[in-house]
Amino acid sequence: MKELLKEKLSGHFPNIQFEFIEQFDELTLKFDKSALITVCEFLKEEDGLKFNFCEDITAIDWATRINRFTLVYHIFSLENKFRLCVKVEVDETECSVETVSSIWKAANWAEREVFDMYGITFVNHPDLRRMYMPEEFEHHPLRKEYPLMGIPGAVPLPKK
Amino acid sequence: MQKLTKDDVHPKIVQALLGADVHITIDDALENEMILNMGPQHPATHGVLRLLLRLDGETVIACVPELGYLHRGYEKMAENMSYMEFIPHTDRLDYISPPANNVAYALAVEKLAGITAPPRAQYIRMLLAELARMCSHLVAIGALAMDVGALTVFLWGLREREKIMDFFDVICGARFTTSYTRIGGVASDVTSDTMKNIIAFVDQFEEKFDEMERLLNGNRIFIERLEGVGVISKEDAIDLGFTGPNIRASGVEFDLRRATPYLFYNEMDFKIPVYTEGDCLARYFVRSDELRESVKIIRQVIDKIPNGEVMLNSPKKVLPRKTEIYTKMEELIHDFMIVNFGINPPVGEVYHAVENPKGELGFYIVSKGEGHPWKMKIRSPSFANLQAIPHLVKGHMISDVVAIVGSIDPIMGEADK
Amino acid sequence: MGLESKLINDGFFTTTVDALAAWARESSVWPMPMGISCCAIEMMASGDPKYDISRFGSEVMRFTPRQCDLMIVAGTVTYKMAHVVKKIFDQMPEPKWVIAMGACTSTGGMYRSYNVVQGIDQFLPVDVYAAGCPPRPENLLNALMQIQDKVGKTRVKDFPDPPQISHESLQVDLSPSKN
């Protein structure tokens, strides 16, 4: 399955630079964020691959690298019972990525959660609101500079 | 009264409610639309889930759920504590079946650290996971029955659940939030007396569950309230990210115990119940069939369990035994290092998913070689299952909303993390 | 309240009626389960056939605050949820009592994070704290018994006077609406 994947991807997209990492029996695929939609559509529709199940979307905050965030997509193929991890790098200054919720509907809420926690905006998302924190909240909690105990007064408490 | 438009109301969530796709046309509709808040405090929302409903009379036109009332900041806390310290926190994720979450977390960290627990520990973990599955499905069936009006089933289910909690008390030391698994095994052994008692419990459980089913399966009111309500097709279920009993009720045979086997499930003989209708009644039947399959698995586990150790003997990664810490020097040093500085797994990341009673619980851990993870993401099944609620309730009445939420069986502790 | 305020002389009759009323109040404390997370499951378990809270008089757990006199806050209270809890508490009629069940409501518990209120006594007046994570059902029943002791000792003069409402604010405008 891994060989088939590598073959099909390099065959269909000769211009895109793919990086394959294998660790703990899992395969990770890394490429540039501009090709995200085309590659994801290919992964979902192509015969033999059929990654029709989007399990999770999350982001890693490296805090000191040039590309500060890495967006991670976990997708699963129900027919082949194979899990793939797709990664794209996002810079802090240009903190936005195309949404994949048109490809997998399950990505809708997961992307909202990434926006709430990290501040990465998703272009063309149908409903980009905060997921967990209240609407008026101004910070993004899972960034590394946000303290664990929070900023006092950020969310008001009712009076006694 | 006119129809409310987007310009009249300000908050973003209400704008999303008013702007949602509406393709329901109702003959003879009244001219008034109403926004109803089925708020976080509600007897039937299975926790603190807020549903904003846009109603025309009693028919729901659109629905927007709001989460975050139980967001405790798990992922941020995990970045500041060691792998061992996070185990009690995993209990409180899916708080109806805590041992199952412990097993999932321990497996993920062991995959990252590159160690495997001894076989006896793995069988004990399977035993606990199946007992936890029974606990969870008993509450789910009871709560669903209570939501549609059958109160007796809930109390009978809780009575059986109390017997299972007594077993947790004896094996794990705590009846509810167990924190029983450790990285490298489980905390303590299971005696053969306990296993005999579990077999005795399981023998009398089948009749009691038959009684409970007799109250529901032939009950006309129960069937009419649930049949044809909240139907979801196979393609929609896969697209929306459903897992667990919810997707198996829509015709997709997807169970992580068979698809990506872990522990010793590939040696156990059990069926995966699959129904094709995709409505609330099918989800109820999947859960009640899974209860019986769990009983089968428990019998096989107790039959096949080998003798041996319950904690791995790997000094740098696994806590040594208490008796040795008090008497030998090296074990004392290892214990000190592991407790204070953590187990220091290699640099890398791992995603491990497990079949929880509610669906697929996955842990994505990124490690930079330190004692605490650099990032931990918890892929919770209830979060993905709740996403389908706006899709499922369109066109139904308010009382069907209650039945649909009950049949999806969300737990806000893991949906909100 | 009108008749009782006239008889506030503390004679034999009034104190007996008072004690009788307090005994009736303590033997039928109806809790309002503010079940938020894991402690809610143990609260449900204290209502099941093994631990049976209804033998203490708490026969029904009404989910509407208007009919209850005890609020059991069970589960972690986050900043977003705190406003909801306070709103529900304000909707309960006097006299009312609060049990803070579990470690999360007492002091924030094991969650020292940005979204968890470190103890609900920052915005609610708490009467009994039940320790545990989660407290066993027997522990909750013990807390209920302590509330019953507290309720049994109250007398009419302990309850605050209702707020005085000016009659102008109750006027209703009956002129035809402009819409």
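Of all beta bridges DSSP finds with both residues in chain C, what is the antiparallel percent, to the nearest 5?
Taking every DSSP beta bridge with both residues in chain C, the antiparallel ones total about 5 percent.
Quick one: of A:LYS50/B:LYS375; B:LYS375/B:LYS417; B:LYS296/B:LYS358, which pairs are farther than 21 Å apart, Cα to Cα?
Checking Cα-Cα distances, A:LYS50/B:LYS375 exceed 21 Å.
Can you work out D for the range B:148-241 in µm² s⁻¹ from Stokes-Einstein, where Rh is the Kirkwood radius over C-alpha pairs, the temperature is 20 °C and the viscosity is 1.002 mPa s?
127 µm²/s
Quote the convex hull volume per residue of the range B:97-253, based on C-alpha atoms, as a whole number of Å³.
Given the Cα convex hull of the range B:97-253, per-residue volume reads 137 Å³.
What are the principal axis extents of the Cα atoms in chain B, in Å, biggest first?
Largest to smallest, the principal-axis extents are 82, 50, 33 Å.
C:LYS87: which lysines have alpha carbons under 20 Å from its alpha carbon, excluding same-chain residues fewer than 8 sequence positions away?
Result set, ordered by chain and number: A:LYS159, A:LYS160, C:LYS96.
Shape of chain C from its Cα gyration tensor (a ≥ b ≥ c, root eigenvalues): rounded if a/c is under 1.5, otherwise prolate when a/b > b/c, or oblate?
oblate
Using alpha carbons only, how many degrees (0 to 90, rounded to 10) separate the axis of helix B:280-304 from the longest principal axis of chain B?
Taking Cα atoms only, the helix is inclined about 10 degrees.
Considering amide H positions built from the backbone, and no H for Pro or chain starts, which residues 5 or more places from C:VAL98, or on another chain, come under 5 Å of its amide H?
For C:VAL98, the qualifying residues are C:MET71, C:ASP127, C:VAL128.
To the nearest 20 Debye, how big is the dipole of the range A:67-108 about its Cα centre, given +1 on the beta carbon of each Lys and Arg and -1 on that of each Asp and Glu?
For the range A:67-108, the charge dipole is close to 340 debye.
Taking H as built 1.01 Å from N, whose amide H comes closer than 5 Å to the amide H of B:VAL229, not counting residues under 5 places away?
Under 5 Å from the amide H of B:VAL229: B:CYS280, B:LEU281.
So how compact is the range B:96-166: Cα radius of gyration and Dmax in angstrom?
Using the Cα atoms of the range B:96-166, the pair Rg, Dmax is 15.6, 50 Å.
Partner chain Cβ atoms within 10 Å, averaged over the residues of B:370-381 - can you pull that number for me?
Mean partner shielding for this stretch: 3.
Putting +1 on Lys and Arg Cβ atoms and -1 on Asp and Glu Cβ atoms, find which of B:PRO43, B:ALA62, B:ASN356 reaches farthest to the positive end of the dipole of chain B.
The one lying farthest along the dipole's positive direction is B:ASN356.
Using Cα atoms only, what is the angle between the long axis of helix A:107-118 and the major principal axis of chain A, expressed in degrees (0 to 90) to the nearest 10?
50 degrees
With respect to the cross-link table entries B:LYS12/B:LYS394; B:LYS76/B:LYS316; A:LYS105/B:LYS111; B:LYS163/B:LYS208; B:LYS322/B:LYS368, which display a Cα-Cα separation exceeding 23 Å?
Check vs 23 Å cut-off fails for B:LYS76/B:LYS316; A:LYS105/B:LYS111; B:LYS322/B:LYS368.
If only Cα atoms are counted, what is the Rg of the range C:73-123, and what is its Dmax, in Å?
Over the range C:73-123's Cα set, Rg and Dmax evaluate to 10.9, 34 Å.
In Å² (nearest 100), what accessible area is buried between C and B, both sides summed, heavy protein atoms only, 1.4 Å probe?
Protein heavy atoms only, the C-B interface buries about 2800 Å².
Say the dipole of the protein assembly as shown comes from +1 at the beta carbon of Lys and Arg and -1 at that of Asp and Glu; which of B:PRO11, B:PRO245, C:MET61 then lies farthest toward its positive end?
Positive-end residue among those listed: C:MET61.
What percentage of all Cα-Cα pairs in the range C:22-96 are separated by more than 21 Å?
The proportion of pairs with Cα distances above 21 Å equals 27 percent.
Based on the Cα coordinates of the range A:1-119, what is the per residue volume of their convex hull in Å³?
Residue-normalised Cα hull volume stands at 106 Å³.
Quick check on the range A:49-160: take the gyration tensor over C-alpha atoms, sort the square-rooted eigenvalues as a ≥ b ≥ c, and tell me if it's rounded (a/c under 1.5), prolate or oblate.
prolate
Give the average over all directions of the projected area of the C-alpha convex hull of the protein assembly as shown, one decimal, in nm².
Projected area, direction-averaged: 38.7 nm².
Putting +1 on Lys and Arg Cβ atoms and -1 on Asp and Glu Cβ atoms, find which of B:PRO261, B:ILE221, C:GLY108 reaches farthest to the positive end of the dipole of the protein assembly as shown.
C:GLY108
Mind listing the phi-derived Karplus ³J(HN,Hα) values for the range B:222-232, rounded to whole Hz, using 6.51, -1.76 and 1.60 with θ = phi - 60°, and x for any glycine or proline?
4, 5, 5, 6, 10, 6, x, 9, x, 7, 10
For the range B:337-399, treating each Cα as an identical point scatterer without solvent, what Debye log10 I(q)/I(0) comes out at q = 0.13, 0.15, 0.21 1/Å?
Results for the range B:337-399 at q = 0.13, 0.15, 0.21 Å⁻¹ read -0.54, -0.63, -0.88.
Using modelled amide H (1.01 Å from N, peptide plane; none on Pro or chain starts), what sits under 5 Å from the amide H of B:SER250, excluding residues fewer than 5 places away?
Under 5 Å from the amide H of B:SER250 lie the amide H atoms of B:TYR275, each far enough along the sequence or on another chain.
Springs between alpha-carbon atoms under 10 Å, Gaussian network over chain A: tell me which of A:PHE82, A:PHE122, A:PHE51 tops the mean-square fluctuations.
A:PHE82
Once label points are set 7 Å from the Cα along Cα→Cβ at both B:GLU227 and C:GLU94, what is their separation, rounded to one decimal in nm?
Going from the B:GLU227 label point to the C:GLU94 one covers 5.5 nm.
What percent of all Cα-Cα pairs in the range B:285-347 falls in each 10 Å bin, counting up from 0?
18, 28, 17, 23, 13, 1
Once the other residues with Cβ under 14 Å from the Cβ of B:LYS328 are scored (Lys, Arg +1; Asp, Glu -1), what is the net sum?
Residues close to B:LYS328 contribute a combined charge of -2.
The values are calculated or read from the model by the stated rules, or taken from the named source; none is laboratory data. Source: prediction; values computed, not measured. Positions of Cβ are generated from backbone atoms using ideal geometry, with glycine treated the same way; all protein chains shown enter the neighbour counts. Surface accessibility is based on the protein's heavy atoms, side chains included, excluding ligands, DNA and RNA. Shrake-Rupley method; radii C 1.70, N 1.55, O 1.52, S 1.80 Å.
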